[in-house]
Amino acid sequence: MNIILLGPPGAGKGTQARILEEREGLIQLSTGDMLRAAVEAGTEVGQRAKKAMDSGGLVSDEIVIGVVDERLDRQDVKDASGVIFDGFPRTAGQAEALDELLEKKDMRLDAVVVIEAEEEKLVDRVSGRFTCAKCGEGYHDRHKQPKTEGVCDVCGSTEFKRREDDNPETVRERLTAYHKDTAPLIDYYEGTGKLHKVDGMAPIEEVTENIRQALPERA
Ligand code: AP5
């Protein structure tokens with residue numbers, strides 16, 4: 001089963017993709033994570049992507065499609081029961097390229113889930129978040145602090161990190177890019193009959209349940 005999670009920054013795409021990965025045996029394919037890893041590793045792709053990411057704009061279709069194409073050929077994807085596209089596609093060009101990639105790789109798209117959210121809450125959600133540098137557990141300045149200050153609840157690490165683009169100004173730019181380039185994809189997928197909308201302002205577990213109900217029954 002291959003699904004796309006669409007939604008503005010902070011809607012909960014990554015949160016839900018990680019839960020579904022664990023519960024449904026799918027692979028989370030986050031273009032944001034892949035691009036950040038490339039930036040951190042200092043690869044050519046990372047160097048080319050960094051400027052757009054720092055400003056909250058979109059990385060070029062050519063770079064992103066190349067990264068996804070390569071990732072879909074990896075063995076763990078072939079062995080898994082499907083993929084969750086998290087943050088991809090984000091433009092009409094990427095959506096068309098994804099159709100071609102899926103056909104070429106003999107894969108099919110089963111569902112597109114839009115996680116809807118109240119915009120004024122998103123800047124707060126995103127600009128307050130941080131994660132454990134070791135295990136990746138997510139925290140928030142106001143909504144979810146570690147039980148012992150400065151110590152990860154899950155692995156005990158004392159190192160945390162914040163994304164460079166998680167400041168209020170850049171989040172607003174990311175929202176602008178979402179409205180301009182990504183929201184129109186909702187119409188693109190509406191015509192396929194595979195589009196579902198869920199309320200991303202509900203509690204995390206409820207959002208997961210609503211997404212699972214939108215997914216087709218497994219054979
Ligand atoms: P990317 O990493 O994809 O960032 P994004 O789309 O802005 O999304 P986020 O990761 O910020 O939010 P999310 O929806 O995953 O929310 P999360 O689950 O973390 O992209 C970053 C950059 O990379 C882009 O700006 C662009 O430059 C580039 N890029 C990436 N893909 C690209 C592409 N395809 N084309 C071109 N450029 C690309 O949740 C956020 C917070 O809210 C967390 O603290 C979480 O705990 C909390 N939360 C989640 N759900 C709930 C809930 N239901 N209730 C309460 N809190 C919740």
**OP:** Could you pull out every residue, at least 5 positions away or on a different chain, whose amide H is within less than 5 Å of the one on K197? Hs are placed 1.01 Å off N in the peptide plane, and Pro or chain starts have none.
**Re:** V114
Subject >> Residues of type lysines that K161 reaches as a straight line, Cα spacing below 30 Å, ignoring anything fewer than 8 places off in the same chain >> reply: K13, K50, K51, K121, K134, K144, K147, K180
**OP:** Calculate how steeply helix 168-177 sits against the longest principal axis of the alpha-carbon atoms of the chain, using the helix alpha-carbon long axis, and give the answer as 0 to 90 degrees to the nearest 10.
**Re:** 10
Original post:
Based on the alpha-carbon gyration tensor of the chain and its eigenvalue square roots a ≥ b ≥ c, which shape applies: rounded if a/c is under 1.5, prolate if not and a/b is larger than b/c, or oblate?
Top reply: rounded
**OP:** Quick one: what are the phi-derived ³J(HN,Hα) couplings along segment 20-37, Karplus 6.51/-1.76/1.60 with θ = phi - 60°, whole Hz, x for glycine and proline?
**Re:** 5, 4, 5, 8, 10, x, 9, 9, 7, 10, 9, 5, x, 4, 5, 5, 4, 5
Subject >> Relative contact order computed over the chain (Cα-Cα under 8 Å; 6+ residues apart), in percent >> reply: 29
Original post:
Out of R142, R18, R36, any idea which swings most in a Gaussian network model of the chain, alpha carbons joined below 10 Å?
Top reply: R142
**OP:** Could you tell me the distance between the Cα centroids of segment 65-98 and segment 153-213, to the nearest Å?
**Re:** 17
Subject >> Amide H partners (placed H, <5 Å) of F88, local residues excluded >> reply: L5, T31
Original post:
List the chymotrypsin sites (Phe, Trp or Tyr not before Pro) in segment 145-217 that DSSP assigns to loop (not H, G, I, E or B) and whose Cβ has at most 15 other Cβ atoms within 10 Å. Which are they?
Top reply: none
**OP:** Please label the shape of segment 135-219 as rounded, prolate or oblate, based on the square roots a ≥ b ≥ c of the eigenvalues of the alpha-carbon gyration tensor (a/c under 1.5 means rounded; beyond that, a/b larger than b/c means prolate, else oblate).
**Re:** oblate
Original post:
From the phi of every residue in segment 114-119, what ³J(HN,Hα) in whole Hz does the Karplus formula 6.51 cos²θ - 1.76 cosθ + 1.60 yield, where θ is phi - 60° and glycine or proline is x?
Top reply: 8, 9, 8, 8, 7, 4
Subject >> Debye, to nearest 20: dipole size of segment 119-219, +1 on Lys, Arg Cβ, -1 on Asp, Glu Cβ >> reply: 200
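A short reminder: the numbers here are calculations on the coordinates, not readings from a lab. These numbers come from a predicted model, not from an experiment. Positions of Cβ are generated from backbone atoms using ideal geometry, with glycine treated the same way; all protein chains shown enter the neighbour counts.
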